[in-house]
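*Asks:* One structure, pasted below without further comment.
The values are calculated or read from the model by the stated rules, or taken from the named source; none is laboratory data. Treat the numbers as computed from the prediction; the structure is a model and nothing was measured. Backbone-built Cβ (ideal geometry, glycine too); neighbour counts: all protein chains shown. For accessibility, only protein heavy atoms count, side chains too; no ligands or nucleic acids. Shrake-Rupley method; radii C 1.70, N 1.55, O 1.52, S 1.80 Å.
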Amino acid sequence: MSVLVVGGAGYIGSHTVDWLCEKNYDVVVIDNLSTGHKESLNKKAKFYEGDLRDKSFMRKVFKDETIDGVIHCAAFSIVPESMKEPLKYYDNNTYGMNVLLEIMNEFGVKFIVFSSTAATYGEPKQVPIKETDPQVPTNPYGETKLAMEKMMHWSDIAYGMKFVALRYFNVGGAKEDGSIGEDHQPETHLTPIVLQVAHGTRDELTIFGDDYDTPDGTNVRDYVHVLDLAEAHRLALEYLLSGNESNAFNLGSSTGFSNLQIVQAAREVTGKDIPTKIGDRRPGDPSTLIADSTKARTILNWNPQYDDVKKIIKDAWTWETKNPQGYSDK
Ligand code: UFG
């Protein structure tokens, strides 16, 4: 049995590939390396470099490999960039999904686990957010991911393709030994930026807004460890392979941390002073996102092992201190 991980050289993809290889799955990876890193790939995985929008390339991979299920992690995922370049997101994310589903259908591959996101909910009416709550994205990134969920839904109805949408909240951390981790160029996410400031590779952190309707005025987010996500992908795949219905699951800790609380936790973990200043709000940012992950815990039997924001920061710190320039240090 082979699992195809599309986008397997990205941050979440590479940790998932690594975990599946450790669990002795046969793993095939497709990545165009536009944001992914070849160095992040577990050596046991078979790697095809190419773009999922390239149908002849995709056909070749599906012809050469016996694929039982697909994990789809290939997408652009930067909220502020999506506000400036929405069509880039529709092309890579939405059209990419179109091609993937078309090729899967052509080759009779019926199972797909998809990296969806809390950004599909937009500004929630209530927290913690449940899977049944309205999905009204506030940015093009979230819109494309919601469209991708719908494409899988209609492909299920038309072609019997079963899917699991994993709606991640804010992902952080790294493999505990610091051998793989988060490396985006440029980096826009809060926890890696905070740790770059702690490490001295950046001078200071700008916190985007302190006038939100939250306890300290800064945005509140729900952090989940990338290793817990990797296991969630494996569980979702097994759920589908066992013949279950299509479904969507929130993946988070059910606890919110404000941006200021994250900085404080990072000061405690690293022992470093982390200079900050308050800047303007960043367009497209919802004020508070906290997951209700009860459904994943009960139906998928997801049991996060690293459900602690300091552990997330500690593992990201190990990666940061070992690889201050990311994969170009390797
Ligand atoms: N932030 C700062 N300063 C920075 C960077 C970020 O204050 O330099 C703030 C943001 O404004 C936000 C919080 O830190 O309030 C988290 O921002 P990130 O960019 O780290 O993450 P997002 O919440 O924007 O988005 C992430 C993923 C999405 C996912 C979303 C769900 O990138 O894929 O979490 O919560 F959908």
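*Asks:* Determine which member of the set 278, 299 is among the β-branched types (Val, Ile, Thr), modelled with pLDDT of 95 or more and closer than 30 Å to residue 108 by Cβ.
*Replies:* Details: 278 fails: closer than 30 Å to residue 108 by Cβ.
Criteria check complete, one pass: 299.
*Asks:* So how many residues does segment 1-55 have that are over 20 Å from residue 178 (Cα atoms) and β-branched (Val, Ile, Thr)?
*Replies:* Our first condition is that a residue be over 20 Å from residue 178 (Cα atoms); within segment 1-55, this holds for 1-7, 24-34, 46-55.
Next, from what is left, pick out any that are β-branched (Val, Ile, Thr): 3, 5-6, 27-30.
Number satisfying all stated conditions: 7.
*Asks:* Additional query: Within segment 136-150, which residues are within 12 Å of the ligand (Cβ to nearest atom), over 30 Å from residue 66 (Cα atoms) and either in contact with a strand residue (DSSP E or B) (Cβ under 7 Å, 6 or more places away or on another chain) or not in a helix (DSSP H, G or I) (or both)?
*Replies:* 137, 138, 139, 142
*Asks:* Can you tell me which of (1) under 18 Å from residue 265 (Cα atoms); (2) out of contact with any Asp or Glu (no Cβ under 8 Å at 6 or more places or on another chain) is the one residue 217 doesn't meet?
*Replies:* (2)
*Asks:* Which residue, of 91, 51, 68, is open to solvent by 30 Å² or more (accessible area, probe 1.4 Å) and assigned to a strand (DSSP E or B)? Lay out the reasoning, then the answer.
*Replies:* Values: 91 fails: assigned to a strand (DSSP E or B); 51 fails: assigned to a strand (DSSP E or B).
Unique residue meeting the criteria: 68.
*Asks:* Against the condition part of a loop (DSSP other than H, G, I, E, B) and surrounded by fewer than 20 Cβ atoms within 10 Å (Cβ to Cβ), how does residue 24 come out, does it pass? If you could, list the steps in order and put the result at the bottom.
*Replies:* On the way: part of a loop (DSSP other than H, G, I, E, B): yes; surrounded by fewer than 20 Cβ atoms within 10 Å (Cβ to Cβ): yes.
So residue 24 passes the test.
*Asks:* Turning to a different aspect of this structure: Can you name every residue in segment 134-166 that is open to solvent by less than 40 Å² (accessible area, probe 1.4 Å) and farther than 22 Å from residue 233 by Cα?
*Replies:* Matches in segment 134-166: 137, 139, 140.
*Asks:* Any idea which residue in segment 288-303 is nearest to residue 215 (Cα to Cα), counting only those that are open to solvent by less than 20 Å² (accessible area, probe 1.4 Å) and within 16 Å of the ligand (Cβ to nearest atom)? Reasoning before the result, please.
*Replies:* Looking only at segment 288-303, we keep the residues that are open to solvent by less than 20 Å² (accessible area, probe 1.4 Å), and these are 289, 291, 293, 296, 300, 302.
Then drop every residue that is not within 16 Å of the ligand (Cβ to nearest atom), which leaves 289, 291, 293, 296.
Working: 289: 14, 291: 18, 293: 23, 296: 28 Å.
Filtering first and then ranking leaves 289.
*Asks:* Further question on the same structure: Please list, ordered by first then second residue, the pairs with beta carbon atoms under 7 Å, 6 or more apart or interchain, first in segment 235-264 and over 14 Å from residue 302 (Cβ atoms) and free of Cβ contacts under 8 Å to residues at least 60 places away in the same chain, second open to solvent by 10 Å² or more (accessible area, probe 1.4 Å) and outside any loop (DSSP other than H, G, I, E, B).
*Replies:* Pairs found: 257/220; 257/221; 257/223; 257/309; 258/220.
*Asks:* State the number of residues belonging to segment 171-217 that are among the β-branched types (Val, Ile, Thr), more than 7 Å from the ligand (Cβ to nearest atom) and in a loop (DSSP other than H, G, I, E, B).
*Replies:* Selection size over segment 171-217: 3.
*Asks:* Residues being out of contact with any helix residue (DSSP H, G or I) (no Cβ under 8 Å at 6 or more places or on another chain) and either of a type in the set (A, V, I, L, M) or within 15 Å of the ligand (Cβ to nearest atom) (or both): count how many of those fall in segment 86-103.
*Replies:* Going through segment 86-103, the residues out of contact with any helix residue (DSSP H, G or I) (no Cβ under 8 Å at 6 or more places or on another chain) turn out to be 87, 91-92, 95-96.
Those left that are additionally either of a type in the set (A, V, I, L, M) or within 15 Å of the ligand (Cβ to nearest atom) (or both): 87, 92.
Going through segment 86-103 one residue at a time, the tally reaches 2.
*Asks:* Can I ask one more? Would you check if residue 200 is open to solvent by 40 Å² or more (accessible area, probe 1.4 Å) and under 27 Å from residue 17 (Cβ atoms)? Lay out the reasoning, then the answer.
*Replies:* On the way: open to solvent by 40 Å² or more (accessible area, probe 1.4 Å): yes; under 27 Å from residue 17 (Cβ atoms): no.
So residue 200 does not fit the description; no.
*Asks:* Look at residue 239 and say whether it is in contact with a strand residue (DSSP E or B) (Cβ under 6 Å, 6 or more places away or on another chain) and away from the ligand (no atom under 14 Å from the Cβ).
*Replies:* no
*Asks:* Consider residue 36 carefully, then state whether it is part of a helix (DSSP H, G or I), open to solvent by less than 40 Å² (accessible area, probe 1.4 Å) and under 28 Å from residue 282 (Cα atoms). Let's see the steps before the verdict.
*Replies:* On the way: part of a helix (DSSP H, G or I): no; open to solvent by less than 40 Å² (accessible area, probe 1.4 Å): yes; under 28 Å from residue 282 (Cα atoms): yes.
In short, no.
*Asks:* Something else now. Looking at (1) more than 29 Å from residue 317 (Cβ to Cβ); (2) in contact with a helix residue (DSSP H, G or I) (Cβ under 9 Å, 6 or more places away or on another chain); (3) within 16 Å of the ligand (Cβ to nearest atom), which is the one condition that is false for residue 133?
*Replies:* Result: residue 133 passes all but (2).
*Asks:* For residues that are of a type in the set (Val, Ile, Thr) and more than 9 Å from the ligand (Cβ to nearest atom), scanning just segment 264-277, find the one that is least open to solvent (accessible area, probe 1.4 Å). Break it down into steps so the answer makes sense when it comes.
*Replies:* Narrowing segment 264-277 to residues of a type in the set (Val, Ile, Thr): 269-270, 274, 276.
Filter again for more than 9 Å from the ligand (Cβ to nearest atom), leaving 269-270, 274.
Values: 269: 44, 270: 21, 274: 0 Å².
Applying the filter and picking the extreme gives 274.
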